[in-house]
Amino acid sequence: MEKKLLRLLVSLCFISLPFLFKGKKMRENLVIFFSKGVLATLVDAYVVGTKRVEYPVRPFPKVFRTNILYDILFFPILSVIWVRISYNDNLLRILLKSLIFSIPMSYGQWFMEKNTKLFKWNKWSPFHTFVSVNFTLFTIRGFVGLLKLLDKVKGKESITGY
């Protein structure tokens, strides 16, 4: 069952890619995508390395201790979507929209941890997921804002056209 769930997730991610990485905002979305992939991989490596979370069923188990599918595909896609829907919002709306992602992610991981072998939480909880998802979302959002500010200062065409 777990491998079928992972295949379904991979399929959904690959189906979404053409819709996210087309048009004039492709460069901005790629910056978000790859930045989030790096950040998620670093956070997950720490969490797995400190034995807070395990991934009993994962792609390439002999090579990676983390689930690279989540780190370099799923979470980056969600970040691209989140930045796109929240970029021009004020702080309150940004916070509210972050809940659209972090609450279902926390509940979904809790449910999957209880009912599948995709996750094994040792020193982890839905609250930890909630905090880590928000931390990475806001870190990437801040990074994109910094790039936009630097582009304005240099007078170049903005890297973030949201």
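Looking at (1) out of contact with any strand residue (DSSP E or B) (no Cβ under 6 Å at 6 or more places or on another chain); (2) part of a helix (DSSP H, G or I); (3) touching a residue at least 24 places away in the same chain (Cβ under 8 Å); (4) more than 28 Å from Asp151 (Cβ to Cβ), can you tell me which one Lys123 breaks?
Against the list (1) out of contact with any strand residue (DSSP E or B) (no Cβ under 6 Å at 6 or more places or on another chain); (2) part of a helix (DSSP H, G or I); (3) touching a residue at least 24 places away in the same chain (Cβ under 8 Å); (4) more than 28 Å from Asp151 (Cβ to Cβ), Lys123 comes up short only on (2).
When the stretch 1-14 is examined, which residues are found to be more than 17 Å from the chain's Cα centre (by Cα), among the aliphatic types (A, V, I, L, M) and assigned to a helix (DSSP H, G or I)?
Leu5, Leu8 - these are the residues of the stretch 1-14 that are more than 17 Å from the chain's Cα centre (by Cα), among the aliphatic types (A, V, I, L, M) and assigned to a helix (DSSP H, G or I).
Among the residues of the stretch 1-33 satisfying the criterion of being under 18 Å from Asp151 (Cβ atoms) and in contact (Cβ under 8 Å) with a residue 40 or more places away in the chain, which is surrounded by the most Cβ atoms within 10 Å (Cβ to Cβ)? Spell out how you get there, then give the answer.
Going residue by residue through the stretch 1-33, those that are under 18 Å from Asp151 (Cβ atoms) are 24-32.
Restricting the remaining residues to those that are in contact (Cβ under 8 Å) with a residue 40 or more places away in the chain gives 24-25, 27-29, 31-32.
Numbers: Lys24: 7, Lys25: 16, Arg27: 13, Glu28: 21, Asn29: 23, Val31: 18, Ile32: 26.
Checking each candidate, the answer is Ile32.
All but one of (1) farther than 19 Å from Arg27 by Cβ; (2) modelled with pLDDT of 95 or more hold for Arg93; which doesn't?
It is condition (2) that Arg93 fails.
So which residues in the stretch 92-120 are over 22 Å from Val48 (Cβ atoms) and among the basic types (Lys, Arg)?
Arg93, Lys97
Could you list all residues from the stretch 1-56 that are more than 22 Å from Gly142 (Cα to Cα), in contact with a helix residue (DSSP H, G or I) (Cβ under 6 Å, 6 or more places away or on another chain) and modelled with pLDDT of 95 or more?
Matches in the stretch 1-56: Val53 only.
Considering only the stretch 96-108, I want to know if a residue exists there that is under 14 Å from the mean Cα position of the chain (by Cα) and over 25 Å from Phe19 (Cβ atoms).
yes
With the requirement that a residue be buried (at least 18 other Cβ atoms within 10 Å of the Cβ) and among the basic types (Lys, Arg), what does the stretch 34-53 give you?
Lys36
The values are calculated or read from the model by the stated rules, or taken from the named source; none is laboratory data. Note that this is a predicted model, so its numbers are computed, not measured. Note: ideal-geometry Cβ built from the backbone for every residue, glycine included; neighbour counts use all protein chains shown.
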